[in-house]
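Q: Below you will find the structure I want to go over with you.
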Amino acid sequence: MSVKIGLIGTGTVGGGCIDIIKNHREDFKRHYGVDIELVRVCSLDRKEAEAHGVGDLFTDDFNEIIGDPEIDLVIELIGGTGVAHTIVTEALKAGKYVVTANKALMATAGEEIFHLADEANVEIAFEASVGGGIPIIDPMKHSLISNEVSSVLGIVNGTTNYMLTRIGEDGLTYDAALKEAQEKGFAEADPTADVDGFDAAAKIAILASIAFNSRVVLGDVKTEGIRNISPVDLKNAREMGYAVKLLAIAHRTPEGIDVRVHPTMIPLSHQMANVNGVFNAIYVVGDAVGETMFFGEGAGAGPAASAVMGDVLDVARRITLGVPPIVGCTCTDKLPIASMDSLETRYYIRFVVPDRTGVLAKAAEVFSRHDVSLRSVKQQGTSEHNEVDLVFVTHTAREKNIRAVLDELAGLSDMLLSEPTVIRVED
Ligand code: HSE
């Protein structure tokens, strides 16, 4: 008996999946005793299906897949939370297994989707939604399941990691680094999701839900992107012994789940500091296993298709053997989301000011007024245009107090010539 598959979305990742099925169907039968048969592909562009030799399976109407009683498993690869939501929910209601790479959908409608899968006694699998080709969801749901996980830290956005690497190591400006990332095809169609941190936020929401057995949604993740980062910040960080990464962070704390995405200084000696270019890495700390790190290519046709097809084969094997779904929702607890206000860490804050008497003293006074103790203060840059950078590094301070400092500084329009760059330190 073959497991019949309907694939929706024939772009980069969909094309990669079609190629894998075509090239390895016989291997899968031999190795795993699973015969997967692609019976329908749906997209808006017939040419994409034809380019992968499956023009005869083409439809532009996803209902022909969802409504086909022959189809056991639907692969959703169009992304987003619009039509994809309809496809995934309707496919589950129709009793079909679903494999998706859709992080935005899983990070916003995960609970509803798991509930529908449970009701229909089928599975939803989404390994490719985080970390591209890196196995992380399956290891967390299986191999690490006996652990109480205390932290998950991830470099989970290849575009921004590539940009930060180019800015830091090659001195590119933010704009030049973004242009290059787009030219190389790393950035999503709309780079906002990458550079403003929302892509990483969806991914850490998914990982935190699994790690802490408690539902975390995209809206729970405090998110800041990398727009304000300049070569000078990366140079300053390096001089202080740190690399700057857009880090997706989830910690179990006494106040609840501390979950956030922002540019972060991590010690150069930490393995995560050496994850460069488009590579992703996810660092998981469990009470039994200790520290683990998962590393690999976080995007692209091959890696993402590898993750999708891993799920497909896993699910197809259970369908073939008649084994009931075993990988359901694991969010059985209801932990609160910790307020960002209570975060305590060190901060790097840089902004441009006019180079004139009293400005530095006035800025320093703002920190002191909000009970933020300074570890170092530096004025740097030439005064060509009568403008210089002020760089403050704090001792451990409360986020709430730092917010108050930033709010007060924002009001000093005669001396604040740039939006402050804020980088938190994760030691
Ligand atoms: N745009 C993402 C990244 C890849 O740059 O990592 C897809 O999740």
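Q: Residues R46, R40: which one is touching a Phe, Trp or Tyr at 6+ places or on another chain (Cβ under 6 Å), in the same structural domain as E111 (by TED's automatic domain parsing) and surrounded by 13 or more Cβ atoms within 10 Å (Cβ to Cβ)?
A: Result: R46 is the single residue among R46, R40 that is touching a Phe, Trp or Tyr at 6+ places or on another chain (Cβ under 6 Å), in the same structural domain as E111 (by TED's automatic domain parsing) and surrounded by 13 or more Cβ atoms within 10 Å (Cβ to Cβ).
Q: Turning to a different aspect of this structure: Might you check whether a residue that is free of Cβ contacts under 8 Å to residues at least 24 places away in the same chain, surrounded by fewer than 17 Cβ atoms within 10 Å (Cβ to Cβ) and under 14 Å from G328 (Cα atoms) occurs anywhere in segment 102-118?
A: yes
Q: L234: part of a helix (DSSP H, G or I) and either more than 16 Å from the ligand (Cβ to nearest atom) or touching a Ser or Thr at 6+ places or on another chain (Cβ under 7 Å) (or both), yes or no?
A: So L234 passes the test.
Q: Quickly run through segment 187-205 and pick out the residues that are among the hydrophobic types (A, V, I, L, M, F, W, C), surrounded by 23 or more Cβ atoms within 10 Å (Cβ to Cβ), assigned to a helix (DSSP H, G or I) and within 11 Å of the ligand (Cβ to nearest atom).
A: V195, A200, A202
Q: Being farther than 16 Å from A250 by Cα and of a type in the set (G, A, S) is the filter; apply it to segment 263-287 and report the residue that is surrounded by the fewest Cβ atoms within 10 Å (Cβ to Cβ).
A: Taking the candidates together, the pick is S269.
Q: Starting from residues that are among the charged types (D, E, K, R) and touching a Lys or Arg at 6+ places or on another chain (Cβ under 7 Å), keep the ones in segment 69-90 and report whichever is farthest from E111 (Cα to Cα).
A: Restricting to residues being among the charged types (D, E, K, R) and touching a Lys or Arg at 6+ places or on another chain (Cβ under 7 Å), the top hit is E70.
Q: Restricting the search to segment 288-347, which residues are surrounded by fewer than 17 Cβ atoms within 10 Å (Cβ to Cβ) and among the acidic types (D, E)?
A: Correct list: E291, D333, D341, E344.
Q: Let me ask something else. State yes or no: is V261 part of a strand (DSSP E or B), in contact (Cβ under 8 Å) with a residue 60 or more places away in the chain and within 16 Å of the ligand (Cβ to nearest atom)?
A: yes
Q: Now for a different question. Cβ-Cβ distance below 8 Å, separation of 6 or more or different chains: which pairs start in segment 210-223 with a residue that is under 15 Å from S129 (Cβ atoms) and end on one that is polar (S, T, N, Q) and surrounded by fewer than 20 Cβ atoms within 10 Å (Cβ to Cβ)?
A: Qualifying pairs under 8 Å: I210/T330; V217/T108; L218/T108.
Q: Here's another thing I want to ask about it. Can you go through M272, M240 and tell me which one is within 16 Å of the ligand (Cβ to nearest atom) and outside the structural domain of L105 (by TED's automatic domain parsing)?
A: M272
Q: For V149, only one of the following conditions fails: (1) over 26 Å from V278 (Cα atoms); (2) assigned by TED's automatic domain parsing to the domain that holds V312; (3) buried (at least 17 other Cβ atoms within 10 Å of the Cβ). What is its number?
A: Failing condition for V149: (2).
Q: With (1) in contact with a helix residue (DSSP H, G or I) (Cβ under 8 Å, 6 or more places away or on another chain); (2) assigned to a helix (DSSP H, G or I) as the list, and M272 as the residue in question, which single condition is left unmet?
A: (1)
Q: Out of all the residues in segment 12-70, which are of a type in the set (K, R) and part of a strand (DSSP E or B)?
A: Within segment 12-70, R40 is the sole residue that qualifies.
Q: A further question on this structure: For segment 312-328, check the following and say yes or no: at least one residue is touching a Phe, Trp or Tyr at 6+ places or on another chain (Cβ under 7 Å), more than 17 Å from L247 (Cβ to Cβ), modelled with pLDDT under 95 and outside the structural domain of A107 (by TED's automatic domain parsing).
A: Yes.
Q: Any residue that is of a type outside the set (D, E, K, R), within 13 Å of the ligand (Cβ to nearest atom) and modelled with pLDDT of 95 or more - is there at least one of those in segment 174-184?
A: no
Q: A further question on this structure: For the structure I just gave you, tell me whether L218 is within 16 Å of the ligand (Cβ to nearest atom), at pLDDT 95 or above and out of contact with any Leu (no Cβ under 8 Å at 6 or more places or on another chain).
A: Yes; evaluated as a whole, the condition is true for this residue.
The values are calculated or read from the model by the stated rules, or taken from the named source; none is laboratory data. A quick note: this is a predicted structure, and the numbers were derived from the prediction, not measured. Positions of Cβ are backbone-derived with ideal geometry, glycine not excepted, and every protein chain shown enters the neighbour counts.
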